[in-house]
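For reference, the structure discussed in these notes is given below.
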Amino acid sequence: MGEAMVVIREYVNEMEALVSRSVLEAHDIPAVVLRDDAGGMLPAMRMLFPVRLAVRATDAVQSLRILDAPFEGSMDDVPYGADSASEP
């Protein structure tokens, strides 16, 4: 039987949830984005039912630490940063 999942964050924007999931997966933490919008047919339902990010209960604390940690790289590490927009 699978491990228990817990919701660690809620988002209004699905893209933010997907980015957070990608960050966790880059740290080897499996995550799931849950949304109740009738399979994309009723996006307005996200106002009533926010997009949720869930992880295994055993990974919840570490996941929140990762998501809340400040960015410690440089703008050179960001492929589409503000500086790269001005380059030819």
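The values are calculated or read from the model by the stated rules, or taken from the named source; none is laboratory data. Only a predicted model underlies this, so the values are computations on that prediction, with no experimental measurement involved. Here Cβ is always computed from backbone atoms with ideal geometry, including for glycine, and neighbour counts include all displayed protein chains.
Descriptive notes on the structure:
- Residue check, residue 77 modelled with pLDDT under 95, loosely packed, with under 12 Cβ neighbours inside 10 Å and among the charged types (D, E, K, R): yes
- Residue ID - surrounded by the fewest Cβ atoms within 10 Å (Cβ to Cβ), chosen from residues in the range 1-53 that are in contact (Cβ under 8 Å) with a residue 40 or more places away in the chain and part of a helix (DSSP H, G or I): 23
- For the range 17-33, the set of residues classified as over 20 Å from residue 72 (Cβ atoms) and either touching a helix residue (DSSP H, G or I) at 6+ places or on another chain (Cβ under 6 Å) or of a type outside the set (A, V, I, L, M, F, W, C) (or both) consists of 21, 30, 31, 33, listed by residue number.
- Residues of the range 6-33 satisfying the condition of being modelled with pLDDT of 90 or more and either over 16 Å from residue 67 (Cβ atoms) or β-branched (Val, Ile, Thr) (or both): 6, 7, 8, 19, 23, 29, 32, 33
- Under the condition of being over 11 Å from the mean Cα position of the chain (by Cα) and closer than 23 Å to residue 64 by Cβ, the residues counted in the range 35-51 number 5.
- If you filter the range 48-63 down to residues that are of a type outside the set (Ser, Thr, Tyr) and touching a helix residue (DSSP H, G or I) at 6+ places or on another chain (Cβ under 7 Å), you find that the one that is modelled with the lowest pLDDT is 51.
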